[in-house]
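To start, the structure itself, in C-alpha cells.
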Amino acid sequence: MYLDHFGLQQAPFRITPHTEFFFAGGNRGATLEALIYAITHDEGIVKVSGEVGSGKTMLCRMLLEKLPENVETVYLANPTLSQDEILFAIAEELRIPLPEGRSHLLLRSLQERLLEIYAAGRQVVALIDEAHAMPPEALEEIRLLSNLESSRHKLLQIVLFGQPELDQRLSETAMRQLNDRITHNFRLPPLHRDDVAVYLMFRLRAAGYRGPDLFTKQAIQLLSKASQGLTRRINILADKALLAAFSDGVHQAGSRQARAAIRDAQFQRIDGRAHALWRWAGTAAALCGIAGLAYLAGSYRADSAPATPPRSTAAATPALASPEAAASTVTGTVAAAAPTLAERIAATKEWLQRTPDGHYFIQLLITDASNHREVADFIAANAKALELPQIRVYRSSFGGSERLGVIYGDYASRAQANIALAMLGEISRSSQPYVRAVARLRSPRALEGIQGKP
C-alpha cells in the first residue's frame, strides 16, 4: 500500500523468511559461517536456539542455500511428526523406496541409502525446525538416527532449531542421552539497539529504497525497546510505523508513528528475569564450546596453530602472570592477580611480534586512549564470560588521534575466528565484536602506536 509513497520496489518488512533479506549483522553472518563449518567438518548433533522471532527459520533457509553442493539436505518443518513419520519423511527426501507394510525395514533401507551417498563422497544433513515442539518419542528417534554410521564416520548430520524451551527439555534426565550427543550449541541473541538502526536500513535498501533514513532516532529507540531486539517484532512494528506515516501523509516515521505501531501490535514482553537467565546461560554454554570447535576448525588445516584452550584447562601466559599465579589458576587454590593495563599492552606487543599476519582475532572495543577507566571497567565486566589471558589491549594512532583497543583470542584462520565469534554470545552492551586480521593491526598507522610507549 505504501510502496510508491516511499519509493520501494517491494515490501521491506515481510515476516516470511526471504533469504535476500538475510541480515548478517548482530552476529548472524558469523553464526551462519560457523554452522556451515560445523556441519561439513563435524559428526555430532548441532543445536541452534533463540527466542520466538529471533531469526532461526531465516538462518535455516540460508543454510539450505549456502551449504556446499556435496551436502544433501533434508528439511523437516513439522515438529509434530511421530517416530515413523520422521523416518518416512527422511526416506522420501532421499528418494528411498518405501517398503509397503514393512516399516520396520525402513531404518535398514535408510542406512543402506546413506552408505551409498557416503561412498559417493557426499554427506546428508537433516535440518529440523521448531524442535522444541517435538514429542519425546520423536526426539528419541533423532538420537537413534544419530547412531547411523560407517566404520569411520557418522552418516547423518543433524541440526536442531528451537526456542529456549528446547534447552530446558534437553536438560531433563530422560533426555540426557540425546543431550550428550550435541557437540555444538549456537544461540541467536536479540539485536542490540545499535544494530536495530542498521537492520532497518538494510531491509529498506534490500527492498529498493535509496533515500535518507525513513525512521527518526526517536522512532528507532521506541521500536528497539518495544521489540526487545527480536527481528520478527521489528519487522511488524516497522511495517506498521510506515503504514502510519503513509496515512499521515509524511515521508518519515517518527515517534508519533512508532507509538501508534506499538499500541496496535500489543506485544507481550518476554519475562525480563527469565530472558536474562536464558541469555546468561547461552553465553556460558557457548563459551564452554569455543575451544573445542576452534580446535576442530584448526585440525582440518595443516598450517593451523593450536586454538585457545578452554577456561578449565587454560594457564596464563608468562607475559600475563607469574608461574606461581598460573599454577594457582589450575589448582584453584589461589586467585591469580589481574595484570595492569600497562602489562596488558606490553604483553600484546610481545604477542604481535610473534604472531603471523595470517592469524585473526576478535575486536571487542575501541575507545579514546585517555579512557583507561572504560577499558578497565569493560574487562572487569566481562571477566566471567571471557578467558582473561586471551584479552589483549593495544594502543594505536589513527588520523592523528590515539586509541586503545581491546581484542580477544588468536585464531589460525578466519573460519576459526568466526566460529569463536558466533559462540561468544552476548557480552557488554558497549561492545560490537567483529573479526580482524593480525595484518591489519600491523598497518603503518597502527604500528605507530603499537611500537611506542604504553
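Per-structure values
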{"quantity": "Counted residues, segment 1-14 - those being in a loop (DSSP other than H, G, I, E, B) and modelled with pLDDT of 90 or more", "calculated": "8"}
{"quantity": "Qualifying helices (runs of 4 or more DSSP H) (wholly inside segment 355-454; at least 2 residues being over 30 Å from Asn185 (Cβ atoms), of a type outside the set (S, T, N, Q) and at pLDDT 80 or above)", "calculated": "372-381, 438-441"}
{"quantity": "Single residue of segment 19-44 satisfying the filter (over 16 Å from the mean Cα position of the chain (by Cα) and modelled with pLDDT under 90) that is nearest to Ala238 (Cα to Cα)", "calculated": "Thr40"}
{"quantity": "Neighbours by Cβ (under 6 Å, 6+ apart or cross-chain): first from segment 222-243, under 16 Å from Arg256 (Cα atoms); second among the β-branched types (Val, Ile, Thr) and crowded, with 22+ Cβ neighbours inside 10 Å", "calculated": "Ser224/Val196"}
{"quantity": "When residues of segment 217-254 are limited to those that are touching a Phe, Trp or Tyr at 6+ places or on another chain (Cβ under 8 Å), in a helix (DSSP H, G or I) and small (Gly, Ala, Ser), the one surrounded by the most Cβ atoms within 10 Å (Cβ to Cβ)", "calculated": "Ala241"}
{"quantity": "Check on His153, modelled with pLDDT of 90 or more and not aliphatic (A, V, I, L, M)", "calculated": "no"}
{"quantity": "Some residue of segment 75-83 being in contact with a His (Cβ under 9 Å, 6 or more places away or on another chain) and either closer than 23 Å to Asn179 by Cβ or loosely packed, with under 14 Cβ neighbours inside 10 Å (or both)", "calculated": "yes"}
{"quantity": "Residue satisfying condition, being modelled with pLDDT under 90, aliphatic (A, V, I, L, M) and in contact with a Lys or Arg (Cβ under 7 Å, 6 or more places away or on another chain), within set Leu94, Leu145, Leu87, Leu98", "calculated": "Leu94"}
{"quantity": "Flag if His132 is at pLDDT below 85 and part of a helix (DSSP H, G or I)", "calculated": "no"}
{"quantity": "Test: residue in segment 72-87 that is in the same structural domain as Ser49 (by TED's automatic domain parsing) and over 24 Å from Met175 (Cβ atoms)", "calculated": "yes"}
{"quantity": "Residue among Leu35, Leu63 that is in contact with a His (Cβ under 9 Å, 6 or more places away or on another chain) and either of a type in the set (Val, Ile, Thr) or in a helix (DSSP H, G or I) (or both)", "calculated": "Leu35"}
{"quantity": "Odd one out for Gln10, checked against (1) buried (at least 17 other Cβ atoms within 10 Å of the Cβ); (2) in the same structural domain as Gly208 (by TED's automatic domain parsing); (3) not basic (Lys, Arg)", "calculated": "(1)"}
{"quantity": "Residue list for segment 38-60, restricted to those being part of a strand (DSSP E or B) and among the polar types (S, T, N, Q)", "calculated": "Ser49"}
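The values are calculated or read from the model by the stated rules, or taken from the named source; none is laboratory data. Being a predicted model, the structure only gives us computed values, none of them experimental. All Cβ positions, glycine included, derive from the backbone under ideal geometry; neighbour counts span all protein chains shown.
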